[in-house]
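Each remark here refers to the structure printed beneath this line.
Quick note: the coordinates plus some simple rules give every number you see, no bench work behind them. These numbers were taken from a predicted model, which means no experiment stands behind them. Neighbour counts are summed over all protein chains in view; Cβ atoms, including those assigned to glycine, are modelled from backbone coordinates with ideal geometry.
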Amino acid sequence: MKHALVASAAASATPAVLEAFSLERTPFGKLVLTKAQGQRFEGVVPVRAFPIQAPEEGVSVLDTDGHEVAWVPNLADLSPHSQDLLRQALALREFMPVVARIVSVSGFSTPCTWRVETDRGACEFVLRGDEDIRRVGTELGLLIADAHGIHYLVRDQLALDAHSKKILDRFL
C-alpha cells in the first residue's frame, strides 16, 4: 500500500524544493521509497537527526549506500500510516531503554553493576566509569552508557523516586 509523503531531497547544500514520494513495505519487510519522478529506492532506512532532543523532527531517509534520498522535517506532517511505517523502522533501528527507577547498584566506585527498571522491563548492566553518565538535552536529561555500549536514557532525573535520585547523586 502506497502513501504520498512530502519531504525535501538533500542532494545539494542549499534548501531543496519539497517533493512528493511514496512509502511502502515489501512482503519481505523492506521499506521502499519511490520519488515522484519514478526513482525507486528499496531497503531505505530512516534515521533521526536529534533522537533525544527532538525525536519527532528531522528524519533523514537513507538508501542502502547511506545517501540521503528524502528528508522529513516533522513526522506529524505525514499521514498516520506513513508515520507508523517510519516509526516501526526507527524502532527496529534504535534501542534506548528509558530508566524509570534505579533499584540498586553494587557499589559506589566503578565499575559497578546497576539494577534498573526501564520502559522495556527490568535489567542489569555494568557502568564502567563516572564519565559514562552524561547530561543531554536539558540539564535534567541523562544518558548512561553500559559496558556493552547500550545507552539508557533518563528523561528527567527530578522525576525519579527518592531512592533513585540518591543513587544517581553519588555518581554525578
*Length-normalised contact order of segment 82-151 in % [C-alpha pairs under 8 Å, at least 6 apart]*: 22 percent
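How much net charge surrounds Phe171 when only other residues with a Cβ under 15 Å from its Cβ are counted (Lys, Arg +1; Asp, Glu -1)? The partial results should precede the final answer.
Values: positive: Arg115, Arg128, Arg134, Arg135, Lys165, Lys166, Arg170; negative: Asp130, Glu131, Asp132, Asp146, Asp169.
Net of charged neighbours comes to +2.
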_Between helix 162-171 and the chain, what is the angle of the helix's C-alpha long axis to the longest principal axis, kept within 0 to 90° and rounded to the nearest 10?_
90 degrees
_Quick check: from the Cα gyration tensor, does the chain come out rounded (a/c under 1.5), prolate or oblate?_
prolate
*Could you tell me how many degrees, from 0 to 90 and to the nearest 10, lie between the Cα long axis of helix 80-93 and the main elongation axis, the longest principal axis, of the Cα atoms of the chain?*
50 degrees
*For the chain, with a Gaussian network of springs between Cα atoms less than 10 Å apart, report the residue from Gly129, Gly149, Gly141 with the top mean-square fluctuation.*
Gly149
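How long are the semi-axes of the equivalent ellipsoid of segment 99-171, taking √(5λ) for every eigenvalue λ of the Cα gyration tensor, in whole Å from largest down? Let's see the in-between values first.
Values: eigenvalues 51, 37, 32 Å².
Equivalent-ellipsoid dimensions as semi-axes: 16, 14, 13 Å.
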